[in-house]
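Q: Encoded as structure tokens, here's the structure I'll be asking about.
The values are calculated or read from the model by the stated rules, or taken from the named source; none is laboratory data. Because the structure is a prediction, the values reported are computed rather than measured. Counting neighbours? That spans all protein chains shown, and the Cβs are built from the backbone with ideal geometry, glycine included. Note: accessible area is taken over every heavy atom of the protein model, side chains too, but ligands, DNA and RNA are not part of it. Shrake-Rupley method; radii C 1.70, N 1.55, O 1.52, S 1.80 Å.
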Amino acid sequence: MKVLVIGSGGREHALAHKVSQSVHVEEVFVIPGNDAMTNVATVVTAIAETDHEKIADFAVAEAIDWVIIGPEQPLTAGLADVLKERGIKVFGPNKKAAQMEGSKSFAKQMMKQYNIPTAAYEMISTKEAALAYIQEHSGPVVLKQDGLAAGKGVIVAMTEQEAVAAVHEFYKDGDTEVVFEEFLQGEEFSLMVFVNDDFIIPFDCVAQDHKRAFDGDTGPNTGGMGAYCPVAHIKEQTMKETNERISYPIARAMKEEGLHYFGLLYIGAIITEEGPKVIEFNARFGDPECQVLLTRLETDLMDIIFALEAKQDITLTWSADTVVGVVLAAKGYPAAYDKGIKVEGYNGELDYYVSGLKYEDGWKTAGGRVMLAVGSGGTVKDAVEASYQNAAKIKSDGLFYRTDIAHRALKNNG
């Protein structure tokens with residue numbers, strides 16, 4: 001069979017690689033892909049991921065059996081709907097269902113209506129009301145842009161001064177919808193759940209992302225600076241409780257609301273004194289969690305999709321190893337950064353999943369998060385060392401990376 005992956009980042013590089021390993025798959029295409037993905041797929045750069053009709057035309061012409069949509073933008077813009085109208089099978093939710101990620105207010109209202117545990121919140125649309133809210137609520141507050149923001153539309157304001165500055169930033173162009181949430185204290189983790197209406201196949205392995213730009217979980221929020229799995233210190237009871245209180249109820253709620261969700265639901269969760277609560281939902285795999293999870297996953301990804309389509313349970317098989325991924329990002333990210341900086345040391349090895357490299361007389365940077373260096377090992381320490389050895393092989397004046405990825409796992413597991 002033929003599979004088409006939509007997207008150009010490290011997540012899609014990993015998806016294409018995993019699909020290429022399937023016993024069911026003869027050929028993998030990626031639209032638009034990037035120059036590094038030629039090691040796992042046929043890259044079709046001539047079509048943009050925003051050109052839904054051309055993507056559909058390509059899928060029909062090439063007799064594509066399944067399309068897997070990686071990024072959030074084409075999902076929230078309705079690519080799945082266009083493809084399904086042309087009779088093409090799609091792994092990825094329709095436009096209405098993708099609101100679970102595309103609109104923070106929509107997701108919050110769903111959680112409130114169906115008693116899904118999450119932070120208390122208010123929706124505020126004007127700067128004046130936002131400043132009044134800050135004056136009335138002491139302590140840390142979380143501000144979230146209502147729409148898509150590539151993982152960077154969140155400010156955690158620990159002081160009133162930071163909160164006021166965040167208000168001015170979010171409302172600098174006028175009135176807009178912003179979610180104001182109570183600050184939740186606890187440890188975060190990422191749970192991926194395959195969803196087909198009210199039927200789910202939850203990953204029984206979770207990953208932990210590192211959102212802040214710098215060591216010690218400091219600096220601005222990013223799309224993710226590294227991840228690892230499994231998270232051994234997050235116990236099976238927590239996983240069970242998360243599925244019972246969040247995964248199954250939200251699947252039933254989405255079906256009740258007529259969303260007809262088919263695809264991957266990312267649950268960003270936090271362990272609080274009251275149990276696990278939702279920080280956010282995404283309508284696709286997290287990045288870089290996807291890369292480390294798929295590296296550790298031994299089950300054929302297409303077998304999981306087939307089981308999901310048929311609403312049949314499937315037992316997932318995982319490597320015994322720990323997997324760690326370290327993001328190499330452009331200096332300045334997540335703010336302004338330069339492109340076109342020379343990168344040496346990368347030769348197409350699958351120890352790296354690439355999101356922001358372009359080949360022009362050698363490899364050069366072409367994005368904020370440039371690549372993920374992956375390492376595996378029998379212990380967390382071994383996996384951390386392997387990932388950083390791979391990161392150190394990449395030489396460039398334009399890159400930086402955190403040096404403490406998986407620090408919680410090292411602390412909790414010796």
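Q: Applying the selection to segment 338-350, what residues are part of a loop (DSSP other than H, G, I, E, B) and surrounded by fewer than 19 Cβ atoms within 10 Å (Cβ to Cβ)?
A: Just the residues of segment 338-350 that are part of a loop (DSSP other than H, G, I, E, B), to begin with: 338-341, 345-350.
ASP338, LYS339, GLY340, ILE341, GLY345, ASN347, GLY348, GLU349, LEU350 - these are the residues of segment 338-350 that are part of a loop (DSSP other than H, G, I, E, B) and surrounded by fewer than 19 Cβ atoms within 10 Å (Cβ to Cβ).
Q: Sticking with this structure for a sec: Quick check on this structure: which one of LYS411, LYS358 is among the basic types (Lys, Arg), outside any loop (DSSP other than H, G, I, E, B) and surrounded by fewer than 16 Cβ atoms within 10 Å (Cβ to Cβ)?
A: Values: LYS358 fails: surrounded by fewer than 16 Cβ atoms within 10 Å (Cβ to Cβ).
Only one candidate passes the filter, namely LYS411.
Q: Would it be correct to say that TYR248 is at pLDDT 95 or above, surrounded by fewer than 22 Cβ atoms within 10 Å (Cβ to Cβ) and aromatic (Phe, Trp, Tyr)? Steps first, answer last, please.
A: Values: at pLDDT 95 or above: yes; surrounded by fewer than 22 Cβ atoms within 10 Å (Cβ to Cβ): yes; aromatic (Phe, Trp, Tyr): yes.
It is true that TYR248 is at pLDDT 95 or above, surrounded by fewer than 22 Cβ atoms within 10 Å (Cβ to Cβ) and aromatic (Phe, Trp, Tyr).
Q: When the residues of segment 21-34 are narrowed to those that are outside any strand (DSSP E or B) and open to solvent by less than 50 Å² (accessible area, probe 1.4 Å), which ends up farthest from VAL90 (Cα to Cα)?
A: Of segment 21-34, the ones outside any strand (DSSP E or B) are 21-26, 33-34.
Those left that are additionally open to solvent by less than 50 Å² (accessible area, probe 1.4 Å): 22, 25, 33-34.
Details: SER22: 17, VAL25: 15, GLY33: 18, ASN34: 21 Å.
Here the residue is ASN34.
Q: For the condition surrounded by 21 or more Cβ atoms within 10 Å (Cβ to Cβ) and closer than 30 Å to TYR346 by Cα, what is the one hit in ALA41, ALA59, ALA48? Spell out the reasoning first.
A: On the way: ALA59 fails: closer than 30 Å to TYR346 by Cα; ALA48 fails: surrounded by 21 or more Cβ atoms within 10 Å (Cβ to Cβ).
Among ALA41, ALA59, ALA48, only ALA41 is surrounded by 21 or more Cβ atoms within 10 Å (Cβ to Cβ) and closer than 30 Å to TYR346 by Cα.
Q: If you don't mind, there's one more thing I want to ask. In segment 364-408, what residues are in a strand (DSSP E or B), in contact with a helix residue (DSSP H, G or I) (Cβ under 8 Å, 6 or more places away or on another chain) and not aliphatic (A, V, I, L, M)?
A: Taking segment 364-408 first, the residues in a strand (DSSP E or B) are 364-365, 369-377, 395, 399-400.
Narrowing further to those that are in contact with a helix residue (DSSP H, G or I) (Cβ under 8 Å, 6 or more places away or on another chain): 369, 371-377.
If the condition is that a residue be in a strand (DSSP E or B), in contact with a helix residue (DSSP H, G or I) (Cβ under 8 Å, 6 or more places away or on another chain) and not aliphatic (A, V, I, L, M), then ARG369, GLY375, SER376, GLY377 are the ones that fit.
Q: Another question, then. For residues in segment 251-271 being assigned to a loop (DSSP other than H, G, I, E, B) and open to solvent by 10 Å² or more (accessible area, probe 1.4 Å), which is nearest to ASN196 (Cα to Cα)?
A: So in segment 251-271, the residues assigned to a loop (DSSP other than H, G, I, E, B) come out as 257-261.
Going one step further and asking which of them are open to solvent by 10 Å² or more (accessible area, probe 1.4 Å), we end up with 257-258, 260.
Values: GLU257: 14, GLY258: 12, HIS260: 7 Å.
The qualifying residue nearest to ASN196 (Cα to Cα) is HIS260.
Q: Any chance you could count how many residues in segment 279-324 are acidic (Asp, Glu), open to solvent by 30 Å² or more (accessible area, probe 1.4 Å) and outside any helix (DSSP H, G or I)?
A: Taking segment 279-324 first, the residues acidic (Asp, Glu) are 280, 287, 289, 298, 300, 303, 309, 313, 321.
Going one step further and asking which of them are open to solvent by 30 Å² or more (accessible area, probe 1.4 Å), we end up with 280, 298, 303, 309, 313, 321.
Keeping just the survivors that are outside any helix (DSSP H, G or I) gives 280, 298, 313, 321.
Residues that pass the stated criteria total 4.
Q: Moving to a separate point now. Among the residues of segment 132-159, how many are open to solvent by 50 Å² or more (accessible area, probe 1.4 Å) and modelled with pLDDT under 70?
A: Summing the residues that are open to solvent by 50 Å² or more (accessible area, probe 1.4 Å) and modelled with pLDDT under 70 in segment 132-159 gives 2.
Q: Working only within segment 199-222, note down all residues that are buried (at least 16 other Cβ atoms within 10 Å of the Cβ) and part of a loop (DSSP other than H, G, I, E, B).
A: Answer for segment 199-222, where residues must be buried (at least 16 other Cβ atoms within 10 Å of the Cβ) and part of a loop (DSSP other than H, G, I, E, B): PHE203, CYS205, VAL206, HIS210, LYS211, THR222.
Q: Any idea how many residues of segment 378-397 are in contact with a Ser or Thr (Cβ under 6 Å, 6 or more places away or on another chain) and open to solvent by less than 10 Å² (accessible area, probe 1.4 Å)?
A: Going through segment 378-397 one residue at a time, the tally reaches 1.
Q: Oh, and also: Any chance segment 173-193 includes a residue that's open to solvent by 10 Å² or more (accessible area, probe 1.4 Å), at pLDDT 95 or above, in a strand (DSSP E or B) and hydrophobic (A, V, I, L, M, F, W, C)?
A: no
Q: Residue check: is MET111 of a type in the set (A, V, I, L, M, F, W, C), in a helix (DSSP H, G or I), closer than 30 Å to LEU143 by Cα and more than 19 Å from the chain's Cα centre (by Cα)?
A: Details: of a type in the set (A, V, I, L, M, F, W, C): yes; in a helix (DSSP H, G or I): yes; closer than 30 Å to LEU143 by Cα: yes; more than 19 Å from the chain's Cα centre (by Cα): yes.
Taking the combined requirement at face value, the residue satisfies it.
Q: Test ALA227 against the criterion of being modelled with pLDDT of 95 or more, assigned to a helix (DSSP H, G or I) and surrounded by 15 or more Cβ atoms within 10 Å (Cβ to Cβ), and give yes or no. I'd like the intermediate steps shown before the answer.
A: Values: modelled with pLDDT of 95 or more: yes; assigned to a helix (DSSP H, G or I): no; surrounded by 15 or more Cβ atoms within 10 Å (Cβ to Cβ): yes.
Judged against the criteria, ALA227 is not a match.
Q: Scan (1) more than 24 Å from the chain's Cα centre (by Cα); (2) open to solvent by 30 Å² or more (accessible area, probe 1.4 Å); (3) over 30 Å from GLU187 (Cβ atoms); (4) among the small types (Gly, Ala, Ser) for the single condition ALA366 breaks and write down its number.
A: (1)
Q: Within segment 64-97, can you find the residues that are outside any strand (DSSP E or B), more than 18 Å from the chain's Cα centre (by Cα) and within 16 Å of ALA41 (Cβ to Cβ)?
A: ILE64, ASP65
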